[in-house]
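The values are calculated or read from the model by the stated rules, or taken from the named source; none is laboratory data. Every value quoted in this text rests on a predicted model; they were computed, and no experiment measured them. Reconstructed Cβ throughout: ideal geometry from the backbone, glycine too, with neighbour counts over all protein chains shown.
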Amino acid sequence: MVIRLMTIESRSQMSRLMLAIRTFFAILFDSSAAKTVEQALSGQTTEESETDDAQAAVAAAKSSEPPPPKRSEALTLLAALQREARFVDFAQESLESYSDEQVGAAAREVQRDCQQVLKRMFDICPLLKAEESATVDVPAGFDAGCYRLTGNVSGEPPYKGVLVHHGWKATACQLPTWTGSDEAALTVSPAEVELA
């Protein structure tokens, strides 16, 4: 009986040894088998492994793509106003040596060109359709981002008052995407150099 038990135990050990040898060669020559054994030894399920693989693939894709150059949309708008209307030149210029007529003529051009930029990028229109100085109603539950109340503000809305300014709203936002370098991201207007 003791001899028989030892034989059964020897067979079991022999089976495990054969399994270990087969596993060794499978791991050595088959990467998916190696991965399966590694998961089994770490106690990880197949679903967990697939999730880890997907996350690793996304991380690898993100790290292989160079990050886009950084430039704020405000600088993109300012650069467009400079390029198309010379807005920054006008704002930065000292006007002391110019006559009122010269300033007025320059301002008229800058203003016209700025209007075109704002129309194209934002399609700006009045927030309220009423004429200034008209009586308007401010509804109950009004949005403070749409109405600025001045004067004798008391009680609960709705309110009635005189329209001082109709406000503006953008009906679009079509800013171009920055495709330049990081080094030029803060450049509002490039230096212009005429070569001889």
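For the reader, a short list of remarks on this structure follows.
- In a residue-by-residue description of region 128-147, the property of being of a type in the set (Lys, Arg) and closer than 30 Å to Gln92 by Cβ applies to no position.
- Leu175 at pLDDT 90 or above and surrounded by fewer than 10 Cβ atoms within 10 Å (Cβ to Cβ): no
- Of all residues in region 95-121, those satisfying the criterion of being among the hydrophobic types (A, V, I, L, M, F, W, C) and assigned to a helix (DSSP H, G or I) are Val103, Ala105, Ala106, Ala107, Val110, Cys114, Val117, Leu118, Met121.
- Any hit, region 120-141, residues being under 29 Å from the mean Cα position of the chain (by Cα), loosely packed, with under 11 Cβ neighbours inside 10 Å, touching a residue at least 40 places away in the same chain (Cβ under 8 Å) and at negative phi: no
- Restricted to helices (runs of 4 or more DSSP H) entirely inside region 36-93, no element has at least 3 residues that are touching a Leu at 6+ places or on another chain (Cβ under 6 Å) and modelled with pLDDT under 70.
- Here Ala191 does not fit the description of being closer than 30 Å to Arg71 by Cα and either touching a Lys or Arg at 6+ places or on another chain (Cβ under 8 Å) or surrounded by 12 or more Cβ atoms within 10 Å (Cβ to Cβ) (or both).
- Cβ-Cβ under 6 Å pairs, at least 6 apart or on other chains, region 146-171 side under 12 Å from Val136 (Cα atoms) and without any contact (Cβ under 8 Å) to a residue 60 or more places away in the chain, far side among the charged types (D, E, K, R) and in a loop (DSSP other than H, G, I, E, B): Leu163/Glu132
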